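Peer 1: I'd like to ask you about the structure that follows.
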Amino acid sequence: MGKCKYCGQSAGFFSRSHKECEEKHSRGIEGMTHLMRRYFNGTVSAVDLGAKISRNKTPYFLTEDDIVASVDTAIGEFTDTLRRPFNSDTLPKIKGFITNIGLPYATLNKNGSLDRLSLKLFQGYVVDYFAKGVPLSQISISTDSVTSVLPLSQQKRDEAYYNVLNKAADKFMADGWLADNEQRMIESYTSSLGIALNCLPMQYQSESLCRIGQAIVLKDLQRGILPQKPLTVPVMLSRDEAPLWIYDNVTMLQEKITREYVGGSRGMSYRICKGLTYRTGSFKGHPVERSFMDTIGVGQLVITNKNLFFHCPTASVKIPYKKLVGVTPYADGLEVHKEEAKPKRTVFQGFDAWFVMNVLNQVNI
């Protein structure tokens, strides 16, 4: 005889629950979710919310997982309704909810619903710096108040900072030009957070943000100013040399030349006896050269004020600007021609060459 998973009584053969218990359990979950919605609508107090959930656990066979599922639904709906500017009672309301549910924070956040709520609030306050000009010191106070109620990992905080920065970059570059006041806002924001635009994590390298970072570097280069924030680069730099930009996942290709000796023969063959043949004639041949582009590796391309560096696990190449006799830009990279006895084509592929071409124009003025 099977036992009902809800009431524990006999449920008959091949059955795991009573129909009545199943229906009661479903009503309990629906009622609990509705109760949480009423709390966020302001029609149920935090104390009443906690008391009713506690009182209904046993009669409606509500488990910890049932409570977490209702929390996910209610918090998800509440998160979707939030719009800037946030009301002053938003965080106290969330705190009251978490405190009175009766489960540890980690359990309530098992499926990440509180993380999503925290990220939306955190990011919303950061946006006010660009949208309203709220000082960064005030932004920090607001974000700290969020994380005091809804803890957020450093990775999630960085995600919020970069998301806001990318949105600001798209807005600023919509007209194709970075105004001086926009540049000052970007520089103040990145400086306060310790963000280097010329060495961004791959997942945050949007086209607009990279173009802004490159425009700032070029403006400084025109004024004779090198980047003040040191970048960690995998190559040795010379004195007075500063890295300007780093490209990841760049493919280096270099021309390789092979030589073959080809030709033909002519003449007559005479059979002398079984297994022995005598051939007369001559062979004439000539060398033929063939070239192809060989992949050296995939790695980082470091742009400095003096050199191009390519570094990958199998090779490190340095190309001084003073050794360049020509550069051909492509849609997805560039080809460089060096001054050497036997010049070979060298191609770097996987990036927009606009910035590199502008750097070369600046350093060669």
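Peer 1: Please determine whether any residue of the range 285-294 is open to solvent by less than 90 Å² (accessible area, probe 1.4 Å) and either modelled with pLDDT under 75 or part of a loop (DSSP other than H, G, I, E, B) (or both).
Peer 2: Yes: the range 285-294 contains one or more residues that are open to solvent by less than 90 Å² (accessible area, probe 1.4 Å) and either modelled with pLDDT under 75 or part of a loop (DSSP other than H, G, I, E, B) (or both).
Peer 1: Condition (residue is over 30 Å from the mean Cα position of the chain (by Cα), open to solvent by 60 Å² or more (accessible area, probe 1.4 Å) and at pLDDT 80 or above) applied to the range 250-267: is it met by at least one residue?
Peer 2: Checked against the condition, which is being over 30 Å from the mean Cα position of the chain (by Cα), open to solvent by 60 Å² or more (accessible area, probe 1.4 Å) and at pLDDT 80 or above, the range 250-267 yields at least one hit.
Peer 1: Condition test on Thr190, is it of a type outside the set (Asp, Glu) and either surrounded by fewer than 18 Cβ atoms within 10 Å (Cβ to Cβ) or closer than 26 Å to Asn358 by Cα (or both)?
Peer 2: Working: of a type outside the set (Asp, Glu): yes; either surrounded by fewer than 18 Cβ atoms within 10 Å (Cβ to Cβ) or closer than 26 Å to Asn358 by Cα (or both): yes.
Yes.
Peer 1: Just to be sure before I move on: is Leu209 crowded, with 18+ Cβ neighbours inside 10 Å, farther than 19 Å from Asp128 by Cα and not small (Gly, Ala, Ser) in the structure I sent?
Peer 2: So Leu209 fails the test.
Peer 1: When the range 320-365 is examined, which residues are found to be open to solvent by less than 90 Å² (accessible area, probe 1.4 Å), touching an Asp or Glu at 6+ places or on another chain (Cβ under 9 Å) and in a strand (DSSP E or B)?
Peer 2: The answer is Leu324, Gly326, Val327, Thr328, Pro329, Gly333, Thr346, Val347, Phe348, Gln349.
Peer 1: If you take the residues in the range 300-319 that are part of a strand (DSSP E or B) and free of Cβ contacts under 8 Å to residues at least 60 places away in the same chain, which one is surrounded by the fewest Cβ atoms within 10 Å (Cβ to Cβ)?
Peer 2: Ile319
Peer 1: Ok, one more. What tally of residues in the range 103-115 results from selecting those that are touching a residue at least 12 places away in the same chain (Cβ under 8 Å), crowded, with 18+ Cβ neighbours inside 10 Å and under 25 Å from Ser140 (Cα atoms)?
Peer 2: So the first thing to find is which residues in the range 103-115 are touching a residue at least 12 places away in the same chain (Cβ under 8 Å), and the list is 103, 105, 107-108, 110-111, 113-115.
Next, only the ones that are crowded, with 18+ Cβ neighbours inside 10 Å stay: 108, 113-114.
Those still in the list that are under 25 Å from Ser140 (Cα atoms) too: 113-114.
Here the count works out to 2.
Peer 1: I'd like to verify a number: residues in the range 151-191 that are within 14 Å of Lys120 (Cα to Cα) and hydroxyl-bearing (Ser, Thr, Tyr), how many?
Peer 2: In the first step, residues of the range 151-191 are kept if they are within 14 Å of Lys120 (Cα to Cα); the result is 151-153, 156-164.
With hydroxyl-bearing (Ser, Thr, Tyr) added as a condition, the list becomes 153, 161-162.
Matching residues across the range 151-191 total 3.
Peer 1: Can you tell me which of (1) under 27 Å from Asp144 (Cβ atoms); (2) in contact with a Cys (Cβ under 6 Å, 6 or more places away or on another chain) is the one Ala46 doesn't meet?
Peer 2: Of everything listed in (1) under 27 Å from Asp144 (Cβ atoms); (2) in contact with a Cys (Cβ under 6 Å, 6 or more places away or on another chain), Ala46 misses just condition (2).
Peer 1: Could you tell me which numbered condition Tyr247 fails, if it satisfies all but one of (1) at pLDDT 85 or above; (2) in contact with a strand residue (DSSP E or B) (Cβ under 9 Å, 6 or more places away or on another chain); (3) open to solvent by 30 Å² or more (accessible area, probe 1.4 Å)?
Peer 2: Just one mismatch for Tyr247, condition (3).
Peer 1: May I pose another question? Within the range 212-231, can you find the residues that are assigned to a helix (DSSP H, G or I) and either surrounded by fewer than 19 Cβ atoms within 10 Å (Cβ to Cβ) or under 23 Å from the mean Cα position of the chain (by Cα) (or both)?
Peer 2: Restricting attention to the range 212-231, the residues satisfying the condition of being assigned to a helix (DSSP H, G or I) are 212-222.
Listed by number, the residues that qualify are Ile212, Gly213, Gln214, Ala215, Ile216, Val217, Leu218, Lys219, Asp220, Gln222.
The values are calculated or read from the model by the stated rules, or taken from the named source; none is laboratory data. What you see is a predicted model; the values in this text were computed from it and never measured. All Cβ positions, even for glycine, are placed from backbone atoms using ideal geometry, and neighbour counts span all protein chains on display. These accessible areas exclude ligands, DNA and RNA; they are computed on the full protein's heavy atoms, side chains included. Shrake-Rupley method; radii C 1.70, N 1.55, O 1.52, S 1.80 Å.
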